[in-house]
Amino acid sequence: MGQRVSRTEFEWVHNDQPHIGRRDAMLKKYPEIKKLFGPDPSLKLIVSALVLIQFIMLYVLQDQSWKVIVLVAYIFGGVINHSLMVASHEIVHNIPFGHARPLANRYFGMWCNIPIGVPFSVTYKKYHTLHHKYLAEEALDHDIPTVLEAKLFSTTLGKLVFLIVQPIFFITRPFFVNPMPIQKLEIINAVVQVAFDALVVFLFGWKMLSYLLICSFFALSLHPISGHLISDHYMFKKGFETYSYYGPLNWIHFNVGYHNEHHDFPAIPGSKLPEVKKIAPEFYETIPYHTSYLRVMYDFVRDPTVGLYARIKRKPLEKAG
């Protein structure tokens, strides 16, 4: 468990992200892909159902022991909250109401945010936009681990610990890597969230607010469903920076596993991303992909060639000069 990773530096490249060129080539060959663009109204119903399920769980679990609460949070609530977090990712891309109604999407994101326990929806929008625009560029893409993280978690045991505490870094990293001014909508998001948390405490007690927070921690921690946090962009094959996951868990997290397809066409709803691959399979058949999140996490921990340094960092030629 003390074996160190073989990489001691990130993989630097001086080119544009591959998604731009592939998108242009695909649209030129298959212009019908544009018909997949647009909102997915069904997302509003699914998200609302998930939020209401967590409301019901607050009532059901309020008199249960801590042991039961933690167990339910891992097996059930963590899955629900993870799905809500991925739904927030869809909302960031204006999928529920379309690009013509950005404010409606932001306020709906706050509704989706409520069972998470901490305000993040609007802030996530701000930073995730940079992740797409400046993929893998240092100090702009918050998804890249810092050098400090890579050094701290550079052994087999360290990588296992990283998977456990990953929520802490996922939430705080943007504020250290690329702090940005607070927006008015972020304040509204925080006020709405604090008001709901206070209502939970008033109606059901601190234990139930803790349940929601534990669910959110498990949702991003060492849990089978959180494997996409590793599978999406860690370099399992040299030279490839984005990976798709084609497996059954896509059903419960809005096809976020179709990650190459998503970065190629972020305006296409997750529900339609499989159609992209069906229309243009030749553009994806040479790209490595994953079929198991458990395998992804196992390989991340056990393989010395994979770790926090196994990420591409980009400095485009015009910036490199």
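Some notes on this structure:
- Under the convention that each Lys and Arg Cβ holds +1 and each Asp and Glu Cβ holds -1, the size of the dipole of region 1-119 around its Cα centre is about 280 debye.
- Reported label for calculated P(r) over Cα pairs in 20 Å bins from 0, in percent given (1) 29, 52, 18, 2, 0; (2) 31, 60, 9, 0; (3) 35, 57, 8: (2)
- Helix-only CD estimate at 222 nm, as mean residue ellipticity for the chain, using -39500 (n - 2.57) per DSSP H run (n ≥ 4): -16500 deg cm²/dmol
- Global geometry of region 1-160, whether rounded, prolate or oblate, following the gyration tensor of its Cα atoms and the 1.5 cut on a/c: oblate
- For region 11-320, the Cβ-based charge dipole about the Cα centre amounts to some 200 debye (Lys, Arg positive; Asp, Glu negative; other atoms uncharged).
- Remark: for residue pairs 28/278; 133/315; 159/315; 126/313, the C-alpha separation exceeds 23 Å in 159/315.
- Choice from 13, 79, 92 with maximal GNM fluctuation in the chain (Cα, 10 Å cutoff): 13
- Region 1-53: GluC sites (Glu not before Pro) in DSSP loop, at most 14 other beta carbons within 10 Å: 9
- Of the DSSP H helices in the chain, those with a Cα length along their own long axis of 24 Å or more and a mean Kyte-Doolittle hydropathy reaching -0.5 comprise 42-61, 156-177, 184-204.
Throughout, read-outs are computed from the coordinates displayed, never taken from laboratory work. Computed from a predicted model, the values in this text were never measured in an experiment. We place every Cβ from the backbone using ideal geometry, glycine too, and count neighbours over all the protein chains shown.
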